[in-house]
1. Can you name every residue in the range C:307-334 that is more than 11 Å from chain B (Cβ to nearest Cβ), among the basic types (Lys, Arg) and under 21 Å from C:MET297 (Cβ atoms)?
2. Could you please give the count of residues in the range D:432-482 that are closer than 15 Å to D:ARG512 by Cβ, of a type in the set (Gly, Ala, Ser) and under 26 Å from the mean Cα position of the chain (by Cα)?
3. Please state which one of A:GLU75, A:GLU45, A:GLU53 is crowded, with 19+ Cβ neighbours inside 10 Å and part of a helix (DSSP H, G or I).
4. List the residue pairs whose Cβ atoms are under 8 Å apart, where the first residue sits in the range C:220-231 and is free of Cβ contacts under 8 Å to residues at least 24 places away in the same chain, the second is among the acidic types (Asp, Glu) and surrounded by fewer than 24 Cβ atoms within 10 Å (Cβ to Cβ), and the two are 6 or more positions apart or on different chains.
5. Kindly list the number of the only condition in (1) out of contact with any Leu (no Cβ under 9 Å at 6 or more places or on another chain); (2) in a helix (DSSP H, G or I); (3) more than 12 Å from chain B (Cβ to nearest Cβ); (4) surrounded by 19 or more Cβ atoms within 10 Å (Cβ to Cβ) that fails for C:VAL226.
6. Condition check: out of contact with any strand residue (DSSP E or B) (no Cβ under 7 Å at 6 or more places or on another chain), within 30 Å of D:VAL470 (Cβ to Cβ), within 14 Å of another protein chain (Cβ to nearest Cβ) and hydrophobic (A, V, I, L, M, F, W, C). Does D:ALA341 satisfy that?
7. State whether the residues of the range A:1-13 include one that is closer than 30 Å to D:ASN536 by Cβ and not basic (Lys, Arg).
Amino acid sequence: MKSFEEILDFAIDNEQKAHDLYMDIAEMATRPGMRQTFLEFAAQEMQHRERLEAIKAGKLPELDQARVETLGLSEHLVDVPVEKDMDYQSALLFAMKAEQRAYDLYAGLAKATDDPNLVTLFEGLAQEELKHKLHFEREYDDVVLGDN
Amino acid sequence: MDEIIQRIRDNFGVLREHRQRDDLAEVWIEPRHVLPLLTWLKEHTPFVQLTHLSAVDWLEDGEFQLTYLLTDPVGRRSLMVAVRISREEATAESVHTLWAHAVTYEQEINEMFGIHFPGSPRQGVPFILEGWDDIPPMRRDFDTVEYMNRHHPSRPGREHTDPRRYIGQVVGEKGYLHD
Amino acid sequence: MTEQTALERRVQLWFGPQHPGITGNMAVQAWLEGDTLTSGVTHVGYLHRGFEKLMERRKFIQSFPIVCRICVPEPDTNEWLLAASIEELSGLDKEVPEKARWIRTLFLEMSRLSSMLMVLGGHVGAMGLGTAPNWLITLRDYILDRFEELTGARVYHMYVTYGGVRRDLPEGFAERLEANLQEIESKLPLVDNVIFDSAVFRKRAIGVGVVPEEWVDELGLTGPIVRAMGIARDTRTDYPYEKYGELDIEPMTTTGSDIFARAWMRRLEIAQSIDLIRQILAKMPTEGPYSAKLPNMLTWTIPAGETYVRAEASRGEMGYYVVTDGSDKIRRVHVRGPSYVHGVTLLERLMPGTNIADLSALMVSLQVCPPEIER
Amino acid sequence: MSLKYTIAPFSAWLQAVSKPFTVPVTGGPRPGAPRYRGWHINDVEKCIGCGTCSAICQNEAIDMVPVDDPVVGDSGLRPKIDYGRCCWCALCVDVCPSGSLGMSNEYVWADTDADVFRYIPGVDEKPWDDSELGWRREEGFELVDHDRVPMGMLDPDERTQTWAEVVIGYTEEQARVEASRCVDCGLCVAACPAHMHIPDYIGAIRDGDDARAVQIIYDNNAMPEMCGKVCTRRCESVCSIGVQGDPLAIRWLKRYATERFDNLAEVLQPQVERVGEGRTVAVIGGGPSGLTVAYYLAIRGFEVTVHEALPQVGGATFFGIPRYRFPMSSLEKQVDLLKSAGVKFVLNHRVDGDELTRMLAENDAVFMGVGLMKPMALRAPGEDLPGVIPALDMLREQNLGHEVDVGEKVVVVGGGNVAIDASRISRRLGAEVTIAYRRRVVDMPADDEEIEDAEAEGVEIVTQAIPLRVEATEDGKLDFVWGPAEMVQEEEGKRPRPKLIEGVENHLVVDRVIVAIGQGPDLDWLPTEISEKICNKWGYIEVDETGMTAVEGLYAGGDLVNDTADAISAIADGLRAVNGIVDKTRAQHV
Amino acid sequence: MASSKFPLAPPEHSRPHAPMGEGCFLGETERQQPLALKEALAKIKNWFRANSLWVMAYGTGCGSIELRPLTTARFDMERFGMAMRPTPRQSNVLIISGYLSVKSLKRVIRAYEQMPSPKWVVGLGSCTINGGMYWDSYNTINRLDLYVPVDLYIAGCMPRPEALLEGFGVLMEKIKAGEANGWNHYLEQMDWYKENQKKLITDWDLPDYNW
């Protein structure tokens, strides 16, 4: 991956994949209400994708480089497999982990490259994913861990 | 004090008695004993002063209570002599011959409660009120607010919202044991 | 000119209610022959508000702001009497803190002092002497300043409640009160000069309006009228209440039983009050609560009972006869003001033979306070 | 008359040269004393509109007028003072439960128009609004009673040895005294989800009429004895007396009244139209919401059948609340009342999807209140180890009378009431108990009193502890590993969130790890065509203002529907459904 | 009714039997004067009136307790041209110092009517506005303005001497501006006032108007 645009395309593609995954899970969800949950997750990924596209088109300022502080929730929770009868807790956990993985990817790429411009871009994307993760963490903290 | 009450008990009979403080006791006696007892107290005991004469309306019981507060100014103690009389055609014996200022008390009680003291000089003469055309105002069945509303209009433009009712209304407070 | 019959010489005169010489809003219906009254009748009711009726439909705490209005120049005795009688009937009297009792004593004595300053001023004012009232009423106003600081109001203090008083003494109160007392003391010799050493006052007061001693028991007279005959009777010492029992106090007396003697009684008692206030300030504890813990005053009920509580007002013995029936309201309260006897029966007895010009002086010397007659 | 008396008065002339008494005209009127009682001021932000000022005013000088929309804990009313009535006694200030009302030391106001002497302090602008001086509420002089009558409780040491009720209950005298503290403002009515007539029954208790109190209580709560023991008491949190003192013990008073009578059917004499004659209603789930629906519909002539999966109705109040808080006898009394009203019970029967479809067809209405039955999983490594158990299961087993073994040492994860219950039960089973909670004690959703009681019984609470994993030790015990957390204030006004401090691990070796981090809905059994219509994304059920779901005739309520998950909200949901069903029935009559 | 000497017609609603003849106090003599002169004269008149308020010494209620400090050295109202007069005939300010019992009201009406015009009524305290703390009493009126025209209210229970001085300041301004016309209103609306008075005072034994 060389150019700025290529990288953004790669990121956009990632978001699209995530969106498609959620759509697939929604399709097979059996638990009440869970289809809606995954459709919402998918819609969020679409928003992320649109945001990246807007950046690519120069309509938005560049990515925010400020470090995002997450709650560190997902790191110590178990992985959940994709199932047809996932509940809300599992869904959040899955989404958190997915965003974490995306972050890890960009962060790794940032380390692996020498071009300072690209480093900046990868790190920006990484922080973007952390933001998404924090969103799910907050939801998990409020809804699942309300009593804890 | 105990000795005096004992003598009242022996000579006149006491319906009920109560010691409120060391220097204040109350005895309830029968109406027919009022004048003899008060005369005896004034003439033969140190309870020479009539400090006040007051009426209480026990509407529920259909009775008035007259309370004579007698004071022994030297011994520094007081005795309340109470008597219950019927509210119907309420009449009591006048003690103005014993104490001149009882006239004023009896005049006032006559006006404010409608109790009649035959022989007392100023019965029926208005003391405090002027042009009064209702039942005597100190009677319990006289409703001062109702009278006020009829005679003394308030300034308009006020509206009170009772919080208790208002909240119930706003939140739709309901009962389910009745429709 | 033909000879007039006694009946024709007789004039009926309404003295009051609108008359500067009358003690408040009341009236005397007088019959005169020449300058001399042959008889007179006291008329009251111009100030009747029906306190006793109103209190029957107010909760205990709601009754307390209203009672001070029963006597305007000296409202505080009423506050204390209501509080004391309800405390006695409810059993709250055992919980009134020590400091509250001292503050109450101070409060009552300040009230007596301010009332007597005003009345002594009124006393000579009613005789047409203008200098002393100007001073005395101003001196009283200094006490009102202290009342304002202590209670938040000048005249109707509404300060003594069930269980104690409503606020503690403010910082530096004793010093400011002492300064006022010194101011009053420094002016008293001047007052003496223009009242008791005034030929006008002496001529009109000595030997006028003499109350015979036999009437004391017959009419139940109390207060300065009795003490002006030389009889040492004072509710504060006879039935010591609050902290009066712990003060060095002897009833003041003088002799003569005339207008002059009664004015002189007030002069003596002003000095006595100043002394008592100093004693109270010296003995008052500085620490401690000023009020007992009160139950919810909106729902407070007290057991059924009857009592009579008395206190020494500047005019004589004031008493409250209170009946409760176990509800949250007073069943019946009867306010026995000293003026009830002094202003009606005693005044009517003294009027025959009195010169019309002395009537004002006579009334004010009896310190008739009409609102406590009619309530 | 000697010469002295002629000359002496002339000494007054000497005063001509002394300093005059007269107050100068310049500079305006003298300021009032620091505690002068002048015109009113009111801190409208602090004011809760309880109207106590108006109630104590003997002159009826104070009107409460609406100035804002009511919210929980604030009626939106504010006092308006009529200075054609006021006597400046300041009782209103001294009684003010919120301490918002005061008086300035300003006292001058003259006008030719008699109608101007009225205003709402703090709302209508006045020159003295910012007055620093004047009469204020003072601590040490209260006209209301700030101190709650203390509730008798078993000694903490004694408690852990017994399953007897911890709370002893008020005596008659205590109840009367406590009830007399109420100022009848009604703020509690708004806060109570069921809008119980709280001031009214407290007034009846105060007046000594316990039967009337019970009638008022049952007027909109069919399980008040349960509420009298375990309610979450939103009412008490808004009690106007509670602003400066202890709130009224509303729960304990309700408990007192409801415990007074054994045969409730005799005391309660419902006067209702039997609109439901000939109609049938099925209730799925015998929890508070279902029982509420059952009772109030049954007295209206509906034929109600309650279907319950467990051998006993009561729902969470049966299986979720330990007996030392809510004894079986109390629950049975409530059930007896329902039976006497004609409610039928089908116990040990779990309804499935097909049956629900059938019920909808056969009944005029179906009410579903099956609660949150699925415990949230810890989702930490090691959660599948034997010995890591959900608190709900443990509570249920205990309440069903089954043997529960918790070993000697237990860690309970969570900070809600369930966590506290699990801890206290474990104490009674003889274990040493530690609660591990991710946040601070103030953040705990559990009742403050419950937390205190648990601590008194020897439960240790470790806060800001994030579970990392559970490991099995060699000697068959469990190693509960947790990391400390710091509290992060992310958004202003929201409760701070815990954030793990990386790199620190603490170990706690225990026999059982009891997980009480929350529970969620378990509606897998619903037919898809129904669940699709009625469930939202979190898996909860949505209803309209009549309590009905998107499926005609299917009503729902309780923890499944509301987001507060307490019994009184469930009862409120039940009442909403009762209204909905009755109104609909009435409409059909017409 | 209007004689040639008093060309001004009586105000509408005026009491038909109000004497309007010669020598009557009502006779605010209106001559045909140039307007400017008339206004100038009125201003001068009002200035004099405002600065010589003579207060009738009738303590009708509690509030009169604060009149004594006001009249004596400390607050000294004579500084402002105010003095207490013993009789209505010499006064032009009537202070109703608070509540009025029905019995007092009768005397107040009589005294008020005996006062020469121009005259002003000052109501002290809550009681004159809306009944004050005796609002529920059977014997006190709640609204003073039903019975006599009130030119100024001074709120307080009771108003302090300083508040009274401030209040009198307001009254003086109103008089100077020619806006304190309660006495005219009383004459104009005499029927209304008399009706209210008679409705309350059942044993009406007064003349209809006391000169």
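The values are calculated or read from the model by the stated rules, or taken from the named source; none is laboratory data. Since the structure is predicted, the reported quantities are computational estimates derived from the model, not experimental observations. Neighbour counts run over all protein chains shown; Cβ positions are idealised from the backbone, glycine included.
1. Matches in the range C:307-334: C:LYS329 only.
2. Qualifying residue count for the region: 1.
3. A:GLU45 is the lone residue from the list that is crowded, with 19+ Cβ neighbours inside 10 Å and part of a helix (DSSP H, G or I).
4. Partner pairs satisfying both residue conditions: C:ILE231/C:GLU213.
5. Going through (1) out of contact with any Leu (no Cβ under 9 Å at 6 or more places or on another chain); (2) in a helix (DSSP H, G or I); (3) more than 12 Å from chain B (Cβ to nearest Cβ); (4) surrounded by 19 or more Cβ atoms within 10 Å (Cβ to Cβ) one by one, C:VAL226 breaks only (3).
6. Numbers: out of contact with any strand residue (DSSP E or B) (no Cβ under 7 Å at 6 or more places or on another chain): yes; within 30 Å of D:VAL470 (Cβ to Cβ): no; within 14 Å of another protein chain (Cβ to nearest Cβ): yes; hydrophobic (A, V, I, L, M, F, W, C): yes.
Taking the combined requirement at face value, the residue does not satisfy it.
7. Filtering the range A:1-13 for residues closer than 30 Å to D:ASN536 by Cβ gives none.
No, because not a single residue in the range A:1-13 is closer than 30 Å to D:ASN536 by Cβ and not basic (Lys, Arg).
Results for (1) surrounded by 21 or more Cβ atoms within 10 Å (Cβ to Cβ); (2) of a type in the set (A, V, I, L, M); (3) in contact (Cβ under 8 Å) with a residue 60 or more places away in the chain, shown as yes or no for each residue.
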residue	(1), (2), (3)
D:ASP475	no, no, no
D:GLY503	no, no, no
D:ARG512	yes, no, yes
D:LYS537	no, no, no
D:THR546	no, no, no
D:GLY557	yes, no, yes
D:ASP563	no, no, no
D:SER569	yes, no, yes
D:ARG576	yes, no, no
